[in-house]
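*Asks:* Pasting in a structure now, in structure tokens, and then I'll have a few things to ask.
No value in this document is a laboratory result; all are computed from the given coordinates. Model, not experiment: these values are computed from the prediction. Here the Cβ positions follow ideal geometry from the backbone for every residue, glycine too, while neighbour counts run over all protein chains shown.
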Amino acid sequence: MHATISTKYPEIASPRVSQQVKVSVPPRNIAVDAYRGLVMLLMMGEILSFYAVSRAYPNSLFWHVLAYNQTHVQWAGLGLHDMIQPSFTFLVGVALPYSIASRLRKNQSFGKQLAHTIWRSLLLIALGIFLRSTHSPQTNFTFEDTLTQIGLGYTLVFLLAYCKPKWQWIGLAAILFGYWLAWALYPAPGPNFDYTAVGVPANWHHNFTGFASHWNKNSNLGQAFDLWFLNTLPRASRFAFNDGGYLTLSFIPTLGTMLLGLRAGEWFRSASPRIPVKKFLIAGSLLMAAGALLHVTGICPIVKRIWTPSWTLFSGGICFFFLAVFSWVIDIKGYRRWAFPLVVVGMNSIAAYLIAHLWEDFIVENLHINLGRKLFQVFGLGLEPLMLGICVMLIYWVLLFWMYRRNLFLRI
């Protein structure tokens, strides 16, 4: 990981920066950076604690809706919060054609690009494990973190980026169908299966019946793999299950999400300077329809926590819609200045990710020490978590703005 100097947008960059940058390179895609910025703000925005405010105002539909969309659904379905990881993953794929084009302009050989890609994959995996180990007595070898999941499949996506679009679509279909088939062939839990033994509460009401039960929590192929794989690694105690049902093998269908982003990025580049909004909308509609059809027929339920193939399709379709909206507003309608706060965050997504994961407790503790608690209770105890969260979010953004003004961008 290192800090690099990037070309900014002339229309929103500071005069000092725009005078310094003389390199003739294609402009950055503001819509993509703004979308990424929104995704990172949603992730960092957990500190706003809508769920705590909702508990203080149990009869408020407004706070209930906000709280619902700031937490992950228990199993099937989705809320806005569930779109953070697929959006971040999708945008990794969108950025890949731009990254390859940049390296080709620098005359980098394929071998050098591949070596860098493998290094980036390993670093993402290591960083994800590190972030999951910060409060552990020893290294917590777990592979469901967003960065780790991306790292496990990033090199294969890079290799597919050098293939013709036909083979990319075939690769996507093979990955999703093969993964679905493997789960479908694995024995489903029987009617007497003891779910409590694998961490599923007795009052759990989200289990599927019939064929869809192959995708029930902690009683599936991915759970069986983790019982073997994670226990081959050093652990403080034997792995039995993941409380949230998250799995190592989810990186396989996550490949599909990156491949969808790869196609979007290539559509962007091939259509330039036009914006393929119509193509994005058509792709999004078809993907969402396919995912919904698999879900309602019971062939493959939409479950984000285990990244089912239908989730890859459905969430990928939503990502295309997000991309279409940002592109239409920013590139076609020309409304760009409003996106500046998002761009500041989106251009430094790795820094934003690390700040939210590593600095939150430090910032909250020091706000309480130096400002006390009464300041955040100015609108009552019920809104105290929100006021504290707003202050933390402002500090996050100011830190990222400081980095933006000084051309400090963390890249892996």
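Results for (1) in contact with a Lys or Arg (Cβ under 7 Å, 6 or more places away or on another chain); (2) farther than 16 Å from Gly261 by Cβ; (3) of a type outside the set (A, V, I, L, M, F, W, C); (4) without any contact (Cβ under 8 Å) to a residue 60 or more places away in the chain, shown as yes or no for each residue.
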{"site": "Leu287", "(1), (2), (3), (4)": "no, no, no, yes"}
{"site": "Leu293", "(1), (2), (3), (4)": "no, yes, no, yes"}
{"site": "Cys300", "(1), (2), (3), (4)": "no, yes, no, no"}
{"site": "Leu313", "(1), (2), (3), (4)": "no, no, no, no"}
{"site": "Phe320", "(1), (2), (3), (4)": "no, no, no, no"}
{"site": "Ala324", "(1), (2), (3), (4)": "no, no, no, yes"}
{"site": "Asp331", "(1), (2), (3), (4)": "no, yes, yes, no"}
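*Asks:* Suppose the filter is surrounded by 13 or more Cβ atoms within 10 Å (Cβ to Cβ), part of a helix (DSSP H, G or I) and either more than 19 Å from the chain's Cα centre (by Cα) or on the phi > 0 side of the Ramachandran plot (or both); does Gly151 pass it?
*Replies:* no
*Asks:* On to the next question. Where residues in the stretch 398-407 are surrounded by fewer than 16 Cβ atoms within 10 Å (Cβ to Cβ) and touching a residue at least 24 places away in the same chain (Cβ under 8 Å), which of them is nearest to Ala52 (Cα to Cα)?
*Replies:* Among those that are surrounded by fewer than 16 Cβ atoms within 10 Å (Cβ to Cβ) and touching a residue at least 24 places away in the same chain (Cβ under 8 Å), it is Phe401.
*Asks:* I'd like to check something: does the stretch 227-240 contain any residue that is part of a helix (DSSP H, G or I) and of a type in the set (A, V, I, L, M)?
*Replies:* Yes, the stretch 227-240 contains a residue that is part of a helix (DSSP H, G or I) and of a type in the set (A, V, I, L, M).
*Asks:* Then there's this: Answer yes or no: is there a residue in the stretch 33-43 that is out of contact with any strand residue (DSSP E or B) (no Cβ under 9 Å at 6 or more places or on another chain) and farther than 25 Å from Leu354 by Cα.
*Replies:* Checked against the condition, which is being out of contact with any strand residue (DSSP E or B) (no Cβ under 9 Å at 6 or more places or on another chain) and farther than 25 Å from Leu354 by Cα, the stretch 33-43 yields no hits at all.
*Asks:* Would you confirm whether any residue within the stretch 94-110 is touching a residue at least 24 places away in the same chain (Cβ under 8 Å) and touching a His at 6+ places or on another chain (Cβ under 8 Å)?
*Replies:* So far as the stretch 94-110 goes, no, none of its residues is touching a residue at least 24 places away in the same chain (Cβ under 8 Å) and touching a His at 6+ places or on another chain (Cβ under 8 Å).
*Asks:* Can I ask one more? Going through the stretch 292-318 one residue at a time, which ones are touching a Ser or Thr at 6+ places or on another chain (Cβ under 6 Å), more than 17 Å from His72 (Cβ to Cβ) and surrounded by 24 or more Cβ atoms within 10 Å (Cβ to Cβ)?
*Replies:* Result: Cys300, Gly316.
*Asks:* Looking for whichever is in contact with a helix residue (DSSP H, G or I) (Cβ under 9 Å, 6 or more places away or on another chain), without any contact (Cβ under 8 Å) to a residue 24 or more places away in the chain and polar (S, T, N, Q) here; the options are Thr89, Thr71. Which one fits?
*Replies:* The match here is Thr71.
*Asks:* Conditions first: (1) closer than 24 Å to Tyr154 by Cβ; (2) in a helix (DSSP H, G or I). His214 passes all but one, so which condition is the exception?
*Replies:* Going through the list (1) closer than 24 Å to Tyr154 by Cβ; (2) in a helix (DSSP H, G or I), His214 breaks only (1).
*Asks:* Might you check whether a residue that is surrounded by fewer than 16 Cβ atoms within 10 Å (Cβ to Cβ), over 25 Å from the mean Cα position of the chain (by Cα) and on the phi < 0 side of the Ramachandran plot occurs anywhere in the stretch 343-364?
*Replies:* The answer is no; no qualifying residue exists.
*Asks:* Could you list, ordered by first residue, the pairs with Cβ atoms under 7 Å in which the first is in the stretch 369-388 and within 15 Å of Ile47 (Cα to Cα) and the second is loosely packed, with under 10 Cβ neighbours inside 10 Å, at least 6 apart or interchain?
*Replies:* Met387/Val378
*Asks:* Here is a follow-up. I'd like the residue in the stretch 181-207 that is among the hydrophobic types (A, V, I, L, M, F, W, C) and part of a helix (DSSP H, G or I) and, out of all such residues, is surrounded by the fewest Cβ atoms within 10 Å (Cβ to Cβ).
*Replies:* The extreme case among them is Leu185.
*Asks:* Out of (1) assigned to a helix (DSSP H, G or I); (2) in contact with a Leu (Cβ under 8 Å, 6 or more places away or on another chain), what's the single condition that is false for Thr134?
*Replies:* Going through the list (1) assigned to a helix (DSSP H, G or I); (2) in contact with a Leu (Cβ under 8 Å, 6 or more places away or on another chain), Thr134 breaks only (1).
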